[in-house]
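A.B. asks: Quick one: the structure is below, and I'll ask about it shortly.
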Amino acid sequence: MIFFKTKQDKGIELLNNGRYDDAIKVFSDLVSKNPQNPSLLYYLAEGYYKKNFLIEAKENLIECIRQSPSQEIINNITKITNFKKISSDRYYNSCLNFSSDGKKIIYVSRRRDTNGDGYINYLDNGCVYVVGIEGKDEKLIVEDKYHNSDCSFSSDGKYALYLSRRRDTNGDGKINAKDSAAIYIYDLEKNDERLLVSEKLFCRKPTFSPDNKSVIFCSWRRIGGNSGIYSINIKTNVISEVVSDKFENTAPAISNDGQYILYSSWRKDTNGDGKIDFRDASSIYLTDIMDRTTEEITRDMYDNSFPSFSPDDRYAMYLSKRRDTNNDGKVDSLDFNGIYITDLMSKKTEEIVSDNSYNKYPIFTEDGNSVVFLGSTRRNKNIRNIELKDVYQNKAIYIINIKNKKVETLINNVFFSSSSPKVSKTGKLAYLSWKKHTRRGIFVRDIYKLPGLSELEEIIKENL
């Protein structure tokens with residue numbers, strides 16, 4: 001026989017066991033006797049929310065915050081409501097990035113069924129928009145008659161950069177993600193668009209240099225060749241090779257001083273099949289943009305990807321697959337990544353986040369002391385001999401302090417799944433988030449503090 005210490009404990013147990021009607025009865029009775037107890041109001045709202053009675057959930061959450069709830073209860077409320085929504089989850093949003101001053105976000109939004117398959121999803125074309133972080137003053141940059149992606153701002157905020165597929169380059173009668181992309185630049189002050197690099201060069205991963213004078217990008221310039229890394233001068237349109245296409249190279253990241261790039265490169269036949277391609281393990285390389293000198297940062301006995309610089313350019317951070325986390329006898333794309341940093345001066349490497357769980361999209365905070373990343377529920381045990389469900393569960397967003405390895409949850413995965421976190425220099429987090437029956441909305445929160453009560457009330461009204 002199970003004994004409960006209090007009626008509230010019994011109600012919580014009923015909620016956790018999926019007996020929502022019974023839990024609602026328990027908490028309705030408790031609230032009737034204690035109408036100013038914020039904890040009871042919250043749990044009653046959670047019961048209604050789990051039953052999809054959103055009007056009742058909203059009413060009780062609003063009453064809850066008017067009773068000055070604790071930080072723990074406020075955090076619980078955000079599990080239900082999420083944070084500030086700046087682009088509707090009726091749309092399928094992607095490719096978001098902050099402006100350098102943190103006041104705006106650029107993103108791609110798919111808002112209609114452009115391919116006629118009856119759905120709105122990643123297969124449709126999307127418009128490019130710019131919007132303030134409060135969700136106001138949305139501005140259309142590029143229409144969805146094209147397939148647009150990989151959008152970003154110049155550091156001075158004057159220009160937008162993006163990939164756009166505008167011709168049926170593969171001859172299948174459609175314009176979509178399978179076609180070759182060109183690079184376009186858009187003057188946000190003059191509302192003027194200009195083609196920067198033709199789709200004939202098969203472009204990917206464009207990014208502005210910190211001085212806004214050039215754009216670094218990947219390109220397959222030779223049919224049947226590999227992806228080299230190139231720089232184009234924005235004024236003269238002169239293209240220079242930065243990394244040869246002798247090997248496959250991708251995901252270039254520019255140092256904050258503009259002198260170096262980090263990137264993944266496949267340079268050895270690590271799987272012994274007689275050829276070098278994406279099936280081999282990749283290393284992280286560092287190349288001086290001016291003199292083209294190159295050094296290997298990681299060992300290609302591991303598969304390393306998506307490097308980035310710390311704000312002071314001292315460290316390289318990257319994902320690394322180093323062991324057989326799914327117990328299938330091999331280390332490959334199906335295994336989990338750990339998150340690592342390498343000191344570019346001493347070459348000392350440190351694991352920041354263990355591969356015991358799914359990890360992706362690591363990004364430094366502006367002070368360089370912490371890393372924000374996407375992940376599945378954190379594990380306290382070694383992953384071996386544990387049934388793996390991480391890949392299929394909702395993803396949360398976490399922050400870890402590099403020195404003490406303390407992990408905190410920024411965006412919970414109880415009711416939402418999230419992706420694509422971005423961090424601004426002003427301490428804001430933007431991310432995609434969705435529930436089972438919604439598409440991908442864009443949300444924003446302050447990394448270091450929860451919303452105030454008045455802001456939270458607006459979030460409740462907007463999101464429920």
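A.B. asks: Can you tell me which of (1) over 15 Å from Y431 (Cα atoms); (2) under 23 Å from the mean Cα position of the chain (by Cα); (3) outside any helix (DSSP H, G or I) is the one Y107 doesn't meet?
C.D. replies: (1)
A.B. asks: Applying the selection to the range 280-312, what residues are under 14 Å from K347 (Cα atoms) and among the aliphatic types (A, V, I, L, M)?
C.D. replies: Matches in the range 280-312: I284, L286, I297.
A.B. asks: Another question, if that's okay. Looking at the range 66-84, can you tell me whether even one residue there is within 17 Å of the chain's Cα centre (by Cα) and surrounded by fewer than 16 Cβ atoms within 10 Å (Cβ to Cβ)?
C.D. replies: For the range 66-84, residues within 17 Å of the chain's Cα centre (by Cα) and surrounded by fewer than 16 Cβ atoms within 10 Å (Cβ to Cβ): absent.
A.B. asks: Does T298 fit the bill of being in a loop (DSSP other than H, G, I, E, B) and farther than 23 Å from S357 by Cα?
C.D. replies: Spelling it out, it is not the case that T298 is in a loop (DSSP other than H, G, I, E, B) and farther than 23 Å from S357 by Cα.
A.B. asks: List the number of the failed condition for S264; all other conditions in (1) of a type in the set (G, A, S); (2) in contact (Cβ under 8 Å) with a residue 40 or more places away in the chain; (3) over 30 Å from S333 (Cα atoms); (4) crowded, with 21+ Cβ neighbours inside 10 Å hold.
C.D. replies: If we test S264 against (1) of a type in the set (G, A, S); (2) in contact (Cβ under 8 Å) with a residue 40 or more places away in the chain; (3) over 30 Å from S333 (Cα atoms); (4) crowded, with 21+ Cβ neighbours inside 10 Å, just (3) comes out false.
Yes/no matrix, rows are residues, columns are (1) more than 24 Å from N121 (Cα to Cα); (2) touching a helix residue (DSSP H, G or I) at 6+ places or on another chain (Cβ under 6 Å); (3) touching a residue at least 24 places away in the same chain (Cβ under 8 Å); (4) outside the structural domain of N237 (by TED's automatic domain parsing):
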| residue | (1), (2), (3), (4) |
| --- | --- |
| F153 | yes, no, yes, no |
| I175 | no, no, yes, no |
| D211 | yes, no, yes, no |
| S214 | yes, no, no, no |
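A.B. asks: Ok, one more. At pLDDT 95 or above, hydroxyl-bearing (S, T, Y) and closer than 19 Å to E72 by Cα: does that describe Y42?
C.D. replies: In short, yes.
A.B. asks: Pairs, please: C-beta under 8 Å, at least 6 apart or cross-chain, first residue at positive phi and in the range 121-135, second among the charged types (D, E, K, R) and surrounded by fewer than 19 Cβ atoms within 10 Å (Cβ to Cβ)?
C.D. replies: Sorted first by the residue in the range 121-135, then by its partner, the pairs are G135/K85.
A.B. asks: Just one of S68, S164, S152, S94 is of a type in the set (G, A, S) and either farther than 30 Å from K213 by Cβ or in a loop (DSSP other than H, G, I, E, B) (or both); which is it?
C.D. replies: After applying the criteria, what remains is S68.
The values are calculated or read from the model by the stated rules, or taken from the named source; none is laboratory data. Everything numeric here is computed off the predicted structure, so don't read it as measured data. All Cβ positions, even for glycine, are placed from backbone atoms using ideal geometry, and neighbour counts span all protein chains on display.
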